Amino acid sequence: MSRKPWHLDRRTFIKGLGAACMLPYMEAMGMPKLVDYGGNSNAPKRLCFLYFPNGVSMPSMNNIKEKDWSWFPHATGKDYKFTKPLSVLEPYKKEISILGGLSHPNSRSVLGHMAGDTFLTGGDLRGDKYNNSISADQVAAHKLSKHTRIPSLTISTDGGVGYKSRASTLSFDNTGKAIPSEHRQREIFERYFSPNGGATTLERRKSLQQGKKIVDLVLEDSKRLKKRLGYNDKSKLDEYMTSLNRVEEQVTRNEKWLDVPMKEFDASRINLSVDATIDPESYLRSTLDLMVLGFQTDLTRVMTYMMAREDGMGFGDAFPKLALGLSGHHGMTHDKREGHFERQGKYDQWLTKQYAYFLEQMKNTQDEYGSLLDNTLVLYGSACSSTHNATNCPLVLAGGSNLGAKHGSYTVFDEKKEHLSNLYVSMLNKVGVPVESFADSTGPLSSIL
């Protein structure tokens with residue numbers, strides 16, 4: 001496709017007074033949009049999952065004083081009215097779908113906080129065994145990673161994996177093992193958005209090769225050590241070796257992408273030094289800004305963000321107190337004093353405000369195919385409705401107008417017929433990952449996608 005006379009180069013600078021400033025992306029810098037609204041497109045197709053713990057405010061309709069603090073709207077269909085917790089999403093009504101009635105059947109009978117481990121997996125954690133399985137984001141990453149520098153970006157406020165039944169990650173590999181999450185914004189930025197680390201390509205290549213040799217040596221020693229260990233230690237070593245294999249795979253991937261220039265970007269507005277104990281809103285938004293940047297540069301097409309951990313165990317439990325002067329999040333969900341639905345609803349509203357911020361940044365950030373949001377499905381939600389009730393998951397699906405999403409309504413699904421995994425089947429199919437089933441799905445979702 002030929003370039004028109006009015007097209008600007010992506011490297012266009014404004015010059016003057018001895019300084020040069022790179023322009024933001026403009027329509028004149030790119031070729032005409034390549035989007036095909038029938039679903040066939042060269043545009044990147046992306047998945048994003050944002051998670052919050054402990055359920056939501058759910059007063060009954062008989063609670064006249066607090067019923068408007070219910071997370072879920074009072075009526076279904078396209079004419080629903082936002083209640084206070086989701087009211088900040090009013091400007092995006094045509095670009096979101098509120099979903100009710102969906103959950104994982106295997107999680108309905110377990111302690112609610114355990115359901116966080118299965119939010120993206122649908123795994124079976126009933127009984128004494130921990131039978132988790134691969135998460136939906138990793139199914140997508142396996143297919144879409146051929147296009148990007150990293151397969152997926154797994155983020156949380158706490159980092160690491162937590163522990164079984166109280167994970168600090170949403171992502172699990174094909175054996176059901178937790179994938180460590182990242183949480184330090186500056187480290188994330190320096191690791192992924194400064195691919196040469198300030199060094200020359202030759203120096204970087206040498207460093208990568210050295211790292212690969214170190215991993216190879218450790219793997220070799222680990223295999224020898226395994227022969228001398230008991231069953232439990234062998235299991236621990238297997239987990240360690242799985243992690244090392246991931247490191248080796250990423251080192252190889254880094255070598256492959258070393259000579260491929262990253263898309264130009266401007267990260268000057270991202271605060272990488274924000275103190276969460278002073279400004280938790282800015283802390284969350286710093287991470288959300290990094291996620292937008294990751295999609296804009298096509299670093300990856302799959303991201304997960306656990307905004308806080310279940311059961312009051314993580315750093316995010318203090319956010320209500322720091323931001324709104326309320327009690328800890330987990331304690332708040334067990335509070336039965338007068339006005340507790342309003343207090344919890346105010347924090348639900350605060351969390352939704354951060355989600356709305358992310359949608360706004362995704363909507364207003366452009367790549368050569370238009371708005372990032374139009375080619376990204378973003379699911380926001382929790383594994384529980386109330387704090388220990390792993391049914392009727394509160395969910396908001398946004399974006400994907402170029403992927404066939406039909407938004408603008410609040411739909412309550414029949415839990416006997418539709419599972420949360422059905423939604424994941426539909427989401428995967430829409431981003432070019434064809435699957436007939438996932439976890440305990442009964443097929444694709446009957447509407448929305």
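At a glance:
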{"item": "Scan of the stretch 374-391 for residues that are closer than 27 Å to Arg309 by Cβ and either in a helix (DSSP H, G or I) or of a type in the set (Phe, Trp, Tyr) (or both), ordered by number", "result": "Tyr380"}
{"item": "Asp137 being part of a helix (DSSP H, G or I), acidic (Asp, Glu) and modelled with pLDDT of 95 or more", "result": "yes"}
{"item": "Residues within the stretch 406-419 that are surrounded by 21 or more Cβ atoms within 10 Å (Cβ to Cβ) and part of a loop (DSSP other than H, G, I, E, B), tallied", "result": "3"}
{"item": "Cross-chain or 6+ apart pairs with Cβ under 6 Å, the stretch 412-423 first and farther than 16 Å from Phe119 by Cβ, then open to solvent by 70 Å² or more (accessible area, probe 1.4 Å)", "result": "Val412/Thr76"}
{"item": "For Asp124: the one exception among (1) surrounded by fewer than 22 Cβ atoms within 10 Å (Cβ to Cβ); (2) touching a residue at least 40 places away in the same chain (Cβ under 8 Å); (3) farther than 20 Å from Tyr380 by Cα", "result": "(2)"}
{"item": "Residue identified as open to solvent by less than 10 Å² (accessible area, probe 1.4 Å) and either free of Cβ contacts under 8 Å to residues at least 40 places away in the same chain or within 26 Å of Gly316 (Cα to Cα) (or both) among Ser135, Ser165", "result": "Ser135"}
{"item": "Test result for Leu377, within 21 Å of Ala167 (Cβ to Cβ), open to solvent by less than 10 Å² (accessible area, probe 1.4 Å) and within 19 Å of the chain's Cα centre (by Cα)", "result": "no"}
{"item": "Which numbered condition Gly370 fails, given (1) in contact with a helix residue (DSSP H, G or I) (Cβ under 7 Å, 6 or more places away or on another chain); (2) surrounded by fewer than 19 Cβ atoms within 10 Å (Cβ to Cβ); (3) modelled with pLDDT under 95", "result": "(1)"}
{"item": "Number of the condition not met by Ile188 [criteria: (1) at pLDDT below 95; (2) open to solvent by 10 Å² or more (accessible area, probe 1.4 Å)]", "result": "(2)"}
{"item": "Filtered residue count, the stretch 59-77, keeping only those that are buried (at least 20 other Cβ atoms within 10 Å of the Cβ) and within 24 Å of Leu420 (Cα to Cα)", "result": "4"}
{"item": "Thr352 being over 19 Å from the mean Cα position of the chain (by Cα), surrounded by fewer than 24 Cβ atoms within 10 Å (Cβ to Cβ) and of a type in the set (Val, Ile, Thr)", "result": "no"}
{"item": "Residue match in the stretch 99-120 (condition: hydroxyl-bearing (Ser, Thr, Tyr), touching a strand residue (DSSP E or B) at 6+ places or on another chain (Cβ under 7 Å) and either over 23 Å from Leu290 (Cα atoms) or surrounded by fewer than 24 Cβ atoms within 10 Å (Cβ to Cβ) (or both))", "result": "no"}
{"item": "Pair list, Cβ < 9 Å and 6+ apart or interchain, from the stretch 384-405 residues that are touching a residue at least 60 places away in the same chain (Cβ under 8 Å) and farther than 20 Å from Gln349 by Cβ to residues that are polar (S, T, N, Q) and assigned to a loop (DSSP other than H, G, I, E, B)", "result": "Ala390/Ser103; Ala390/Ser109; Thr391/Ser103; Thr391/Ser385; Asn402/Ser41; Leu403/Ser41"}
{"item": "Members of the stretch 167-181 found to be modelled with pLDDT of 95 or more and of a type in the set (D, E, K, R), listed by number", "result": "Asp173"}
{"item": "Wholly within the stretch 1-94, strands (runs of 3 or more DSSP E) carrying at least 3 residues that are within 20 Å of Phe265 (Cα to Cα), touching a helix residue (DSSP H, G or I) at 6+ places or on another chain (Cβ under 8 Å) and modelled with pLDDT of 50 or more", "result": "none"}
{"item": "Residue check, Arg149 among the basic types (Lys, Arg), in a loop (DSSP other than H, G, I, E, B), in contact with a helix residue (DSSP H, G or I) (Cβ under 7 Å, 6 or more places away or on another chain) and in contact (Cβ under 8 Å) with a residue 60 or more places away in the chain", "result": "yes"}
{"item": "Residues (among the polar types (S, T, N, Q) and open to solvent by less than 20 Å² (accessible area, probe 1.4 Å)) located in the stretch 388-405", "result": "Asn402"}
{"item": "Within the stretch 291-342, considering residues that are surrounded by fewer than 22 Cβ atoms within 10 Å (Cβ to Cβ) and basic (Lys, Arg), the one farthest from Val161 (Cα to Cα)", "result": "Arg337"}
{"item": "One residue from Glu360, Glu436 being assigned to a loop (DSSP other than H, G, I, E, B) and among the charged types (D, E, K, R)", "result": "Glu436"}
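The values are calculated or read from the model by the stated rules, or taken from the named source; none is laboratory data. Bear in mind that the values here come from a model prediction, so they are computed numbers and not experimental data. Neighbour counts run over all protein chains shown; Cβ positions are idealised from the backbone, glycine included. Only protein heavy atoms, including side chains, enter the accessible area calculation; ligands, DNA and RNA are left aside. Shrake-Rupley method; radii C 1.70, N 1.55, O 1.52, S 1.80 Å.
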